[in-house]
Amino acid sequence: MSGHVIRRWLGKIGFAFSVIALVSPAALVFLWMLSLSLKTELDNTDYPPVFIPNPPILDNFVAVFERNDFLRYTINSVVTSFGATGIALLIGVPAGYGIAKMRATRAAVLILIARITPGLSYLIPLFLLFQWLGLTGTLAPIVITHLVITVPIVVWVMIGFFEGLPGELEEAALVDGATIWQAFRHVALPLARPGITVAMILSFIFSWNNFIFAVVLAGRETRTLPVAVNNMLTFEQLSWGPLAAAALMVTLPVLLLTLVAQKQIVEGLTAGGVKGG
C-alpha cells in the first residue's frame, strides 16, 4: 500500500474521529433527554440510572399540555419567529446588497459588533421604551427585540453572498438602462436565493431559541416556548420527565428544519464564497 493511500485513509479516520468527538456530547444529551421523557418519575430517579425505558410511556408529553397552555405558547413562538425573520429579510437583504456593492467595511464591522453584543445590553432601554409605549405584555416588543438578533445575521450572511456573485451581470443590466434597484430585483435577488435561504433558516433558529427577551417582555398570555419550559422549574419539585418532554418539543421544530434544509444550508454557505466567472 502506497504512502499516498495510507495518508488518505489516515485523513478519513482523523476526520471521522473529529466528527464523532464534536457530535457525541450533543447526541448523548439529546438521547438522554429522550430517555427521561419516556420514563416514569420513579425510573428517572433510580440509581444506578436506567437509560432504556421499560416500557416507554407518553404520560410526560400529556402532562406538558395538561399543566401548561402549551399550544398557545407554540403559536406565540411561531408568530414571533416568523415575524422577526420576515422583517429581518425585508431589511437585511437590501442592506447586505448595498454594503457589499459599496464595499462599506465600516458598516459591515458595525453589523458584526451588533451581532456579538450581548442581548442584555439592549434589554433595559428597550424595556423602558416599550413600557412607556404601553406595549409590554404583547407580542410586538418580542418581535421587535428579536430583530436585534435576526437583522445582523441576515445582513452578515448576505454581505458575503453578494460579494461572491459575478458583477458582470449587474453591470450589463445597468448598461442596458436598468436602475440599481431593478438590477438588484431582477438580477442579484434571483441569484441570491440560496443565501437568502441560509439567512432565513439561521434567523428563525436564533429567534425560536431566544429566551432572555421573552422572559422579561412577555406577559402570561404571550410567553414563548423557551419561557414556558423555564416556568416548569419549581422550587417544590423538579419533574424530570415533563421537563424533558417540553424541552424535546421545543427542540424538535428546529431539529427537523435543520435536517430537511441541510442541503440548502451547505449549498448557500458554499455558494457565497465562490466567485463567478
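The values are calculated or read from the model by the stated rules, or taken from the named source; none is laboratory data. As the structure is a prediction and not an experimental result, all values here were calculated from the model. In this analysis, Cβ positions are derived from the backbone assuming ideal geometry, glycine residues included, and neighbour counts consider all displayed protein chains.
Scanning for something more than 20 Å from Arg220 (Cβ to Cβ) and in contact with a Phe, Trp or Tyr (Cβ under 6 Å, 6 or more places away or on another chain), does segment 137-147 turn up at least one residue?
no
Restricted to segment 96-108, and to residues that are under 18 Å from Val187 (Cβ atoms) and touching a residue at least 24 places away in the same chain (Cβ under 8 Å), which residue is nearest to the chain's Cα centre (by Cα)? Don't jump to the end; show me each part of the working.
If we filter segment 96-108 for residues that are under 18 Å from Val187 (Cβ atoms), which is where we start, we get 96-102.
Remaining after also requiring touching a residue at least 24 places away in the same chain (Cβ under 8 Å): 96-97, 99-101.
Details: Gly96: 19, Tyr97: 22, Ile99: 23, Ala100: 24, Lys101: 27 Å.
The extreme case among them is Gly96.
Limited to segment 110-136, what total is found for residues that are under 18 Å from Arg220 (Cα atoms), touching a residue at least 12 places away in the same chain (Cβ under 8 Å) and part of a helix (DSSP H, G or I)?
Going residue by residue through segment 110-136, those that are under 18 Å from Arg220 (Cα atoms) are 127, 130-131, 134-136.
Checking the rest, the ones that are also touching a residue at least 12 places away in the same chain (Cβ under 8 Å) come to 127, 130, 136.
Now drop any that are not part of a helix (DSSP H, G or I), which leaves 127, 130.
The number of residues fulfilling the criteria is 2.
Quick check on this structure: which one of Ala214, Ala246 is in the same structural domain as Ile159 (by TED's automatic domain parsing), of a type in the set (Gly, Ala, Ser), farther than 30 Å from Trp132 by Cβ and within 20 Å of the chain's Cα centre (by Cα)?
Just one listed residue meets the conditions, Ala246.
Is there a residue being within 26 Å of Thr222 (Cα to Cα) and surrounded by fewer than 10 Cβ atoms within 10 Å (Cβ to Cβ) anywhere in segment 67-74? Can you show your working first?
Here is the first cut: in segment 67-74, the ones within 26 Å of Thr222 (Cα to Cα) are 67-74.
From what's left, surrounded by fewer than 10 Cβ atoms within 10 Å (Cβ to Cβ): 71.
Looking for residues that are within 26 Å of Thr222 (Cα to Cα) and surrounded by fewer than 10 Cβ atoms within 10 Å (Cβ to Cβ), one finds at least one in segment 67-74, hence yes.
Restricting attention to segment 223-269, and to residues there that are modelled with pLDDT under 80 and among the charged types (D, E, K, R), which single residue is surrounded by the fewest Cβ atoms within 10 Å (Cβ to Cβ)?
Restricting to residues being modelled with pLDDT under 80 and among the charged types (D, E, K, R), the top hit is Glu236.
Restricting to segment 146-182, and then to whatever is of a type in the set (S, T, N, Q) and surrounded by fewer than 24 Cβ atoms within 10 Å (Cβ to Cβ), can you tell me which residue is nearest to the chain's Cα centre (by Cα)? Steps first, please.
Going through segment 146-182, the residues of a type in the set (S, T, N, Q) turn out to be 150, 179, 182.
Cutting the leftovers down to surrounded by fewer than 24 Cβ atoms within 10 Å (Cβ to Cβ) gives us 179, 182.
Numbers: Thr179: 35, Gln182: 31 Å.
Checking each candidate, the answer is Gln182.
On the given criteria, is Ser77 part of a helix (DSSP H, G or I), assigned by TED's automatic domain parsing to the domain that holds Leu252, among the small types (Gly, Ala, Ser) and more than 30 Å from Val187 (Cβ to Cβ)?
yes
The rows are residues; the columns are (1) surrounded by 10 or more Cβ atoms within 10 Å (Cβ to Cβ); (2) assigned by TED's automatic domain parsing to the domain that holds Ser239; (3) among the hydroxyl-bearing types (Ser, Thr, Tyr); (4) part of a helix (DSSP H, G or I).
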| position | (1), (2), (3), (4) |
| --- | --- |
| Gly14 | yes, no, no, yes |
| Ile20 | yes, no, no, yes |
| Val29 | yes, no, no, yes |
| Leu34 | yes, no, no, yes |
| Pro48 | no, no, no, no |
| Pro53 | yes, no, no, no |
